[in-house]
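**Q** Sharing a structure below in structure tokens format, with a few things to ask.
The values are calculated or read from the model by the stated rules, or taken from the named source; none is laboratory data. This is a predicted model, so every value here is computed, not measured. Don't worry about glycine lacking a Cβ; one is built from the backbone with ideal geometry, like all the others, and counts go over all protein chains shown.
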Amino acid sequence: MGAVVVEQLVKDFSGVTVLHNINLDIEEGEFFALLGPSGCGKTTTMRCIAGFEDPTDGTIKIGEEAMNDIAPNKRNCGMVFQSYALFPHMNVFDNVAYSLNVRRLKNSNPLKKIGVYTRMLNSKIGRYPKDIKNKVNDILEYVELQDHAQKLTSELSGGQQQRVALARALVMEPEVLLMDEPLSNLDQKLRHSMRNTIRQIQQDLKITTIFVTHDQEEAMSMADRVAVMKDGEILQIGTPTDLYSNPQSPFIADFVGKSNILDGKLIKRENDGSVIQIGEQKVKSVDSPEKDEVHVVIRPESINILDEESKDYDNYFEGVIQFATYLGSTVRYDIQVGKYELIADTVYESGDNILQHGTKVKLGVSPER
Ligand code: ADP
Ligand code: MG
């Protein structure tokens, strides 16, 4: 139960395809991030999973059950949106109790029409049976909002509103939690602490979670696995370390962390890797690319600034320091190497010299990097 499988999902809006064959295999209890720039189709994918959009083609399974003909409220997904979508005229307690109340009324009056429920609901706000009261109080305590239960949601801070939205989703005990850019409206500091809160809750409850974001740091720091999307397609799926150390395209390399990307040509395959021509220079890599035209990605921390005599590396470059940016524990150098400007991050310890503009340097990169 709780695993989410998306197979060959296609979505068209008025003849324009915005999702092309999306495939996802999300394990039960996994924290899975969908990462990509604005407009790439993250929200549409989520809305298809939740049942708010009908797929043009493909299947969605939750807990091995095909969802195609199952209404959103029967899918057992909890949703948290960027905008929180709280009821501003209701207090925190009533917001969290709302869906429980709807479910109870529907279960006890299965034949009534929607308008009747709305009237019944409105007349019952603030007067709940004990089991609903207990559940709501428990969840409010869990997200540390027990002291705010009677406040209007409009009286709360952004972070508190976000926790109300979370409580409202969790109180229904969903199998799957879907979160669409839930932290985007918070200021930087709060965003960092909410990351930890959400991660902690997810680990406590072991709830399968799909988390949408355009912020690579957020995805990489929170998720077990990340799918990178672009233009309605999934480009690569992997653990954060996997994506960082083995990006399969320049787009991923650039989107997931800082990188130096150089154009190269494969000139020789060897047992333990390959030799690649970059400009005037030959470099060794442990990778063996399939095509001859390649992009060589070197992370800034993998470039080592060396003494003249150093012989520790298989690959050397000669460069000239352009800029040095002191960042506290590291110094970032912009270094001209032939036609490329490379970025190198070096660890800074107090008393270290910072290299000045114009200094000639020798750089080393290992074939593994
Ligand atoms: P993201 O969440 O990654 O920013 P969306 O899933 O919201 O991207 O949108 C993907 C693409 O689908 C965009 O080009 C958007 O304009 C288009 N789109 C989304 N919803 C609709 C809709 N209801 N009707 C028409 N086009 C839509
Ligand atoms: Mg979106």
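**Q** From the list 212, 294, which one is among the aliphatic types (A, V, I, L, M) and assigned by TED's automatic domain parsing to the domain that holds residue 345?
**A** Being among the aliphatic types (A, V, I, L, M) and assigned by TED's automatic domain parsing to the domain that holds residue 345 holds for just one of 212, 294, which is 294.
**Q** I would also like to ask the following. Among the residues of region 1-17 satisfying the criterion of being surrounded by 17 or more Cβ atoms within 10 Å (Cβ to Cβ) and aliphatic (A, V, I, L, M), which is farthest from ligand 1 (Cβ to nearest atom)?
**A** 3
**Q** Checking the condition of a type outside the set (A, V, I, L, M) and part of a loop (DSSP other than H, G, I, E, B), which residue from 309, 301, 318 passes?
**A** 309
**Q** Go through (1) part of a helix (DSSP H, G or I); (2) within 15 Å of ligand 2 (Cβ to nearest atom); (3) surrounded by fewer than 19 Cβ atoms within 10 Å (Cβ to Cβ) one by one and return the number of the condition residue 218 breaks.
**A** Exception for residue 218: condition (3).
**Q** Now for a separate question. Could you please find all residues in region 287-308 being under 20 Å from residue 252 (Cα atoms) and surrounded by 13 or more Cβ atoms within 10 Å (Cβ to Cβ)?
**A** 287, 289, 294, 295, 296, 297, 298, 299, 300, 301, 302, 303
Residues are listed down the side, and each one gets a yes or a no for (1) in the same structural domain as residue 127 (by TED's automatic domain parsing); (2) hydroxyl-bearing (Ser, Thr, Tyr); (3) touching a helix residue (DSSP H, G or I) at 6+ places or on another chain (Cβ under 6 Å):
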| residue | (1), (2), (3) |
| --- | --- |
| 58 | yes, no, no |
| 74 | yes, no, no |
| 84 | yes, yes, yes |
| 89 | yes, no, no |
| 96 | yes, no, yes |
| 99 | yes, yes, no |
| 109 | yes, no, no |
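**Q** A follow-up question, please. Restricting to region 160-180, and then to whatever is at pLDDT below 95 and of a type in the set (Asp, Glu), can you tell me which residue is nearest to ligand 2 (Cβ to nearest atom)?
**A** The selected residue is 175.
**Q** Is at least one residue of region 63-85 within 16 Å of ligand 1 (Cβ to nearest atom) and at pLDDT 95 or above?
**A** No, region 63-85 contains no residue that is within 16 Å of ligand 1 (Cβ to nearest atom) and at pLDDT 95 or above.
**Q** Looking only at region 23-51, count how many residues are of a type outside the set (Ser, Thr, Tyr) and within 11 Å of ligand 1 (Cβ to nearest atom).
**A** Within region 23-51, residues that are of a type outside the set (Ser, Thr, Tyr) and within 11 Å of ligand 1 (Cβ to nearest atom) number 11.
**Q** Among (1) touching a His at 6+ places or on another chain (Cβ under 7 Å); (2) not in a strand (DSSP E or B), where does residue 46 come up short?
**A** Every listed condition holds for residue 46 apart from (1).
**Q** Does residue 30 satisfy the condition of being of a type in the set (Asp, Glu) and surrounded by 17 or more Cβ atoms within 10 Å (Cβ to Cβ)?
**A** Spelling it out, residue 30 is indeed of a type in the set (Asp, Glu) and surrounded by 17 or more Cβ atoms within 10 Å (Cβ to Cβ).
**Q** So which residues in region 266-277 are without any contact (Cβ under 8 Å) to a residue 40 or more places away in the chain and surrounded by 15 or more Cβ atoms within 10 Å (Cβ to Cβ)?
**A** Within region 266-277, 266, 274, 275, 276, 277 qualify.
**Q** Still on this structure, please answer the following. Go through the residues of region 32-45 one by one and say whether even a single one is at pLDDT below 95, farther than 20 Å from residue 72 by Cα and away from ligand 2 (no atom under 12 Å from the Cβ).
**A** No, the conditions are met nowhere in region 32-45.
**Q** Just the residues that are within 17 Å of residue 264 (Cα to Cα) and of a type in the set (A, V, I, L, M, F, W, C), please, taken from region 280-335.
**A** Those that are within 17 Å of residue 264 (Cα to Cα) and of a type in the set (A, V, I, L, M, F, W, C): 283, 286, 294, 296, 297, 298, 317.
**Q** Next question. Among 241, 209, 213, which is the only one that is within 16 Å of the chain's Cα centre (by Cα) and surrounded by fewer than 19 Cβ atoms within 10 Å (Cβ to Cβ)?
**A** Sole residue among the options that is within 16 Å of the chain's Cα centre (by Cα) and surrounded by fewer than 19 Cβ atoms within 10 Å (Cβ to Cβ): 241.
**Q** Which members of region 46-58 meet the condition of being farther than 16 Å from residue 210 by Cα and within 13 Å of ligand 2 (Cβ to nearest atom)?
**A** 53
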